[in-house]
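Handing you a structure now.
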Amino acid sequence: MRAAPRILLIAFVTVGVLVFGRPGPAGGDDPESRGLAVWRGMEQARVILPGDAGALTVRVADEGDERAQGMQYVPAPEIRRNPIWFSYPASRVTHWHMHNVALPLDIVWMDADGRILEIARMEPGRDGYRSPPGVRHALELAAGTARRLGLEVGDRLTPPGLVR
């Protein structure tokens, strides 16, 4: 008699797993949940803009997982409020894609001193964006923001110091 309830329990659990999937950790283990957790964990800092334009609060992507995450899966209102400053350990050519990004972005590529080398617009769902040589930093902003801030090739942005 005890075997029947055990078999029924196993059957119900098996059907539940097949229908609803295996239970995962809180917060989800899918790429979107992991990516947003990385994005939320980025430190914030202030970048000094050229001239008397003031400063810009940014998220800092200076680790590999943060640079790989970028703006992927980030909701559009958060993209508009949270530019990302990317820093690399050495100058290089960088490659970018816009998969899983909600809005068009401006990308501002800079050298080690924060001097702007090039500004480009990137469209959602596209890839194949390539920086000029010598990039050490990049700034991702909602499209149109670079122009609104008056940023131009040759301008210098002061790399961030962490906000306290």
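Can you name every residue in region 44-69 that is exposed (fewer than 15 other Cβ atoms within 10 Å of the Cβ) and in contact (Cβ under 8 Å) with a residue 40 or more places away in the chain?
Passing the criteria: Gln44, Gly51, Ala53, Thr57.
If you take the residues of region 127-149 that are among the charged types (D, E, K, R) and in contact with a Phe, Trp or Tyr (Cβ under 8 Å, 6 or more places away or on another chain), which of them is surrounded by the most Cβ atoms within 10 Å (Cβ to Cβ)?
By that ranking, first place goes to Glu140.
Separate question: In region 122-164, how many are outside any loop (DSSP other than H, G, I, E, B) and at pLDDT below 95?
7
Right, next: Quick check: anything in region 80-97 of a type outside the set (Phe, Trp, Tyr), on the phi < 0 side of the Ramachandran plot and part of a helix (DSSP H, G or I)?
Yes, the conditions are met somewhere in region 80-97.
Considering only region 94-116, I want to know if a residue exists there that is hydroxyl-bearing (Ser, Thr, Tyr) and more than 19 Å from Val58 (Cβ to Cβ).
no
Can you tell me which residues in region 119-152 are charged (D, E, K, R), within 15 Å of Trp85 (Cα to Cα) and out of contact with any Leu (no Cβ under 9 Å at 6 or more places or on another chain)?
Arg136
Inside region 1-74, counting only helices (runs of 4 or more DSSP H) that do not spill past its ends, which hold 2 or more residues that are over 22 Å from Ala102 (Cα atoms), of a type outside the set (Lys, Arg) and modelled with pLDDT under 95?
Passing ranges, in order: 3-20.
Quick one: in region 102-121, of everything that is in a loop (DSSP other than H, G, I, E, B) and touching a Lys or Arg at 6+ places or on another chain (Cβ under 8 Å), which residue is surrounded by the most Cβ atoms within 10 Å (Cβ to Cβ)?
Ranking the qualifying residues of region 102-121, first place goes to Gly114.
The values are calculated or read from the model by the stated rules, or taken from the named source; none is laboratory data. All values derive from a computational prediction rather than experimental measurement. Positions of Cβ are generated from backbone atoms using ideal geometry, with glycine treated the same way; all protein chains shown enter the neighbour counts.
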